[in-house]
Number of protein chains: 6
Amino acid sequence: MIVLKISGKIFDEENLIKEYINIIKKHIDRGVIVTGGGETARRYIERARGLGASNYFLDLIGIEVSRLNALVLIAGLGDEAYPKPAESLVELKSALSTSRYVVLGGLQPGQSTATVASLAAEAAGARALINCSAVDAIYEEDPRRNPAAKKYDEIKASELIALLKSRALPGTYELADVWSLEILRRSGIPMYVVDGRRPVLLADVLTGRGRPGTIVLPE
Amino acid sequence: MIVLKISGKIFDEENLIKEYINIIKKHIDRGVIVTGGGETARRYIERARGLGASNYFLDLIGIEVSRLNALVLIAGLGDEAYPKPAESLVELKSALSTSRYVVLGGLQPGQSTATVASLAAEAAGARALINCSAVDAIYEEDPRRNPAAKKYDEIKASELIALLKSRALPGTYELADVWSLEILRRSGIPMYVVDGRRPVLLADVLTGRGRPGTIVLPE
Amino acid sequence: MIVLKISGKIFDEENLIKEYINIIKKHIDRGVIVTGGGETARRYIERARGLGASNYFLDLIGIEVSRLNALVLIAGLGDEAYPKPAESLVELKSALSTSRYVVLGGLQPGQSTATVASLAAEAAGARALINCSAVDAIYEEDPRRNPAAKKYDEIKASELIALLKSRALPGTYELADVWSLEILRRSGIPMYVVDGRRPVLLADVLTGRGRPGTIVLPE
Amino acid sequence: MIVLKISGKIFDEENLIKEYINIIKKHIDRGVIVTGGGETARRYIERARGLGASNYFLDLIGIEVSRLNALVLIAGLGDEAYPKPAESLVELKSALSTSRYVVLGGLQPGQSTATVASLAAEAAGARALINCSAVDAIYEEDPRRNPAAKKYDEIKASELIALLKSRALPGTYELADVWSLEILRRSGIPMYVVDGRRPVLLADVLTGRGRPGTIVLPE
Amino acid sequence: MIVLKISGKIFDEENLIKEYINIIKKHIDRGVIVTGGGETARRYIERARGLGASNYFLDLIGIEVSRLNALVLIAGLGDEAYPKPAESLVELKSALSTSRYVVLGGLQPGQSTATVASLAAEAAGARALINCSAVDAIYEEDPRRNPAAKKYDEIKASELIALLKSRALPGTYELADVWSLEILRRSGIPMYVVDGRRPVLLADVLTGRGRPGTIVLPE
Amino acid sequence: MIVLKISGKIFDEENLIKEYINIIKKHIDRGVIVTGGGETARRYIERARGLGASNYFLDLIGIEVSRLNALVLIAGLGDEAYPKPAESLVELKSALSTSRYVVLGGLQPGQSTATVASLAAEAAGARALINCSAVDAIYEEDPRRNPAAKKYDEIKASELIALLKSRALPGTYELADVWSLEILRRSGIPMYVVDGRRPVLLADVLTGRGRPGTIVLPE
């Protein structure tokens, strides 16, 4: 059992989704896929903010867009996917007893999809969470500013938590937050960071031909 | 009790939504609002079609986008609206016993939001369905081609059904289909066609200061 | 995957149901069965009309009777059937991932069970819809009035739609309406019309020993 | 808060239902109505038994018919009734916080509607359960056989339980069973037995103009 | 298919639960387990009674504690158990089509878990109900008072019902009540009484190495 | 609208609950109450851990106990409370449109009840969150170790977050975590810390006779 998190940004490009569908069908025997909201979410949230919507509703709108992305993925995966986005961890657990793939977006206001992915990995008893994100790895500094910035091949979740507490790491906001890392750590699940814009890297990790940009060890 | 149908195209413009919220709060005592999917729906459906999604899923995706628009409207209406899009007519009925406004998008694959609006009007026992659409009225011919085309001030539903069966009327696809008109007719509910791009016209109709572009009589 | 529609009239005769159960168990590997309401529905609807019930409730009562018939069929099919009537297309899809047979009645006010059958066929990805109806085939004229009336061995859905729009065809009301045919057409699913009063004909069609009264081609 | 139980037999006669609806609207401020299944239930259960249905399904079919009767009553009561039959005691409790009347049929296999009525009275905190039954009162012997049979004006629930344990009382099967009486007793709710075939008697009891055939005291 | 009822008292001792989990996994191919509430239920009910809670809520609290015990058992059984306590017989039936084990606590106020176990056995089509109770068998008199009291090796359900109606049998309250026995009888399901404090006895009964304390025949 | 969080530890003492019920009924016009799990939760979680339960199930068990406490409170509050614990924020919002009080326990694995309280305050649009906790205020150091430890009369949420990131503050674990404070801050909701073991202090805060131990300002 593998949990895949696919950044909402990926869903803004149709070709990438097609590649992900092929890779999932080919290389993942049983899995959970968590989808983000991406550009459409941001646009809808802005629109609702302009109407005076509360934070509760802004988050809910983001969740609905991430579920829309989940539905698109389900439609593409076909009959081996549970036919609707799971809307709670309990539904996720039940769905896993009937379907090969279960897809879900956000679950609750005030919660990142990174955290949803960790909770899903814990609930599903996954051996790893693969985070197909908008960055290729975790860096000590922003590689766009400092091309010589150190890239972490491996980092302990506890170290990453300490880093996140002291300062914002570039591009990691969507990738992981303290809460999502605490959950991975307590359940001993490693997180693999993979550049989501290049789906072939996911195939490489799944088949052992390549390794993730960064491995976050559950320590 | 009034049922308002707001074309998805309206949701592509934030300013219009704000005006609709103000008019609903000011002039509608109790009401149901049915929202379409608009441009975002079309874009998402295209994306899913490219992934080989079946018609069932394409329709489901359209429904989810219309519910997203419903959620935006709910967020703007605030505490007097039922806090989520109704997902069935039974939920609509229950919600009406607790909330002043209930908002919903699509309900089921294979069904237009025009039909949803008629079903909602019937279930809610509404005295009229006001269709805020992307056209200003029903015409005998396309007014963009023939500026002298006859505009219907009033038309019987049975006549409109006959016209729709014999040929496509310009711009009426989203406005009404045979099924939606049959429902209005059997339950004796008139439909007022109002130019949705000019919300002030809705205010005028609600306050009696103006009249709809076309009235479809339930005969 | 086959979708079977069984006319509510069949449910008024216990012996016929028993035969259908045997045929389904013997000849259908995986299937969806849609049940109509029949005489009990008509009686209940009349009763409620006498109490001043709205069209919304009249349709709801018809749906509940069709679900009662579905439950009887489920009880007869035993453990290989999903244990309750599916109440939405989403539930139908989920149920199909756990059970060999799924049975459902109506889904929503304002919608014929013919349309439910088409939607179910589309959602389930069925290769055909077999309509076990109260007539043996589709005729150009009423065969009870004109014994020489032409019987259609095959007819295109588009032709049948055109015929239905121009005039009422004898006995086809329950069999198909414009909406149900449009759905079959857009998803490329043929409909086989079989005389529901003679279940052996269904067995013949399923085993290839006989052919349907009429085949409606999804063109 | 009053709980009314209306025998399924009453639902076999349309005129009686109409009278009940008028009486409920006129004389009951807030109430729960529990409906039985009657002749249709018996017919459907027989049909399913002939198909080899298990006791679980036979009971479920009886419940569905009682809910169908509940729906007819709801349709007749109109907007002041909760718009669907409550399907659990929790739903009953919630529905009572939004609607003046809540109607329900059976709840669970293996349970009489007499017991449902007692549970509903307990959950709703009703001051009395009025049982509009197919008999006019509780008798010591069958009054059809012995015209001089003693009629109970009042009887303690504990005495009635003792009588029911020792022998079958005529016509009381549908009226009350040991379990339904134990519930009334533990919550201190009296049951009024009224001849359901004469709705005017219910009006008399509700307005204090008449008294029930028998009062079962919760002792 | 076997239905196991485990007395709530057993859940007050962690070691016993562990043994039950091992035995279920080892010896039961497909099964339903019904859990009681035990000491925690009693304590919570007392607390709520002190707050003036109605009988409806007292029963609901007992049900929730029995579901808490069900959840503990599910957590121990792992992925082969349906991931949540079934909350209705319909959910039990559905769950059985996806999972090897389904666990449930109480279902409804006013109903013993003994009755739930009988209903579950009937719904699941179980060949036997094994009652792991706080007594080792059914006795004619209380064996703690009269060490020579006759133990029933076998007793007909009808005889046990007659005994329960005439007087309270020692320790049988939680084991069986009239209603639970009527259900077993009508569906022809035997009940095996096994001393729940000694799980090895359950293993013996399941493997045929030993026999139950008492067999209640469905006659 | 006020949101009250009552520590699970309070639920271990019946007298305290009774006092809380009286204060809520007397001084809170409309409110949401969030209940913790307390000693029973800890005991049940330990038991399940001994059976090898995963973190997902351990958290779920804690949630169920907190809902049990919620149900006890509902039973004590009577008919003005929504009759069941809300199980999602959407249900909370709906329930608030029908009931004066809504009570809930935990919502999701991996989430503290402190966070649930913040999310509930945000969703309900509450003007304040009152945290009736097991400590009387927030201190700079543990007052049991250093009796001269500085007590915060007021503290900014941002300062408290910084403190929580740098070191564990005594007794604040259950009171607040980074996530719960971020939510209060983004929605501008102050948190009042009140000694939950002395309910009179809550009455004093609600009536303006006293002030909280600490006010956490949403800055």
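The values are calculated or read from the model by the stated rules, or taken from the named source; none is laboratory data. Owing to the predicted nature of the structure, the values given are computational and were not obtained by experimental measurement. Counting neighbours? That spans all protein chains shown, and the Cβs are built from the backbone with ideal geometry, glycine included.
Annotations
- Output for segment C:74-109, where each listed residue is under 17 Å from C:A41 (Cα atoms) and in contact with a Lys or Arg (Cβ under 9 Å, 6 or more places away or on another chain): C:P85, C:L104, C:G105, C:G106
- A:G36 falls short of the stated requirement of being out of contact with any His (no Cβ under 7 Å at 6 or more places or on another chain), surrounded by fewer than 24 Cβ atoms within 10 Å (Cβ to Cβ) and closer than 21 Å to F:P109 by Cβ.
- Long-range neighbours under 6 Å by Cβ, at least six apart or interchain, first residue facing chain F (nearest Cβ under 10 Å) within segment E:7-31, second in a helix (DSSP H, G or I) and of a type in the set (D, E): E:D12/E:E39
- Boolean, D:S133 is surrounded by 23 or more Cβ atoms within 10 Å (Cβ to Cβ), of a type in the set (S, T, N, Q) and touching a residue at least 40 places away in the same chain (Cβ under 8 Å): yes
- Members of segment E:121-130 that are surrounded by fewer than 17 Cβ atoms within 10 Å (Cβ to Cβ) and either not in a loop (DSSP other than H, G, I, E, B) or not basic (K, R) (or both): E:G125
- Within segment C:109-122, the set of residues being facing another protein chain (nearest Cβ under 9 Å) and not polar (S, T, N, Q) comprises C:P109, C:G110, C:L119, C:E122.
- Residues that are more than 25 Å from D:S94 (Cβ to Cβ), within 11 Å of chain C (Cβ to nearest Cβ) and in contact (Cβ under 8 Å) with a residue 40 or more places away in the chain occur in segment D:34-57; there is at least one.
- Checking segment D:4-18 against the condition returns a match, with at least one residue being in contact with a strand residue (DSSP E or B) (Cβ under 7 Å, 6 or more places away or on another chain), more than 17 Å from B:S94 (Cβ to Cβ) and charged (D, E, K, R).
- Single residue of F:G62, F:G125, F:G106 found to be out of contact with any Leu (no Cβ under 6 Å at 6 or more places or on another chain), of a type outside the set (D, E) and more than 11 Å from every other protein chain (Cβ to nearest Cβ): F:G106
- Meets criteria (in contact with a strand residue (DSSP E or B) (Cβ under 6 Å, 6 or more places away or on another chain) and within 29 Å of A:L184 (Cα to Cα)) for A:N22: no
- Considering segment C:163-175, the residues that are of a type outside the set (S, T, Y) and closer than 12 Å to C:V135 by Cα include one that is modelled with the highest pLDDT, namely C:L175.
- Filter pass, F:A81 being among the aliphatic types (A, V, I, L, M), within 13 Å of chain E (Cβ to nearest Cβ) and closer than 20 Å to F:L119 by Cα: yes
- Screening C:A86 against (1) facing chain D (nearest Cβ under 8 Å); (2) in contact with a strand residue (DSSP E or B) (Cβ under 9 Å, 6 or more places away or on another chain); (3) not hydroxyl-bearing (S, T, Y) leaves a single unmet condition, (1).
- Residue pairs meeting the criteria (Cβ under 7 Å; at least 6 apart or on separate chains; first free of Cβ contacts under 8 Å to residues at least 12 places away in the same chain, in segment F:87-105; second surrounded by fewer than 23 Cβ atoms within 10 Å (Cβ to Cβ) and hydroxyl-bearing (S, T, Y)): F:S97/B:T98; F:S97/B:S99
- Yes/no for A:A149 being surrounded by fewer than 24 Cβ atoms within 10 Å (Cβ to Cβ), under 23 Å from E:P83 (Cβ atoms), more than 14 Å from chain B (Cβ to nearest Cβ) and of a type in the set (A, V, I, L, M): no
- Boolean, D:S118 is closer than 20 Å to D:S7 by Cβ, assigned to a helix (DSSP H, G or I) and among the hydroxyl-bearing types (S, T, Y): yes
- Wholly within segment F:133-219, helices (runs of 4 or more DSSP H) carrying at least 3 residues that are of a type in the set (D, E, K, R): F:178-187
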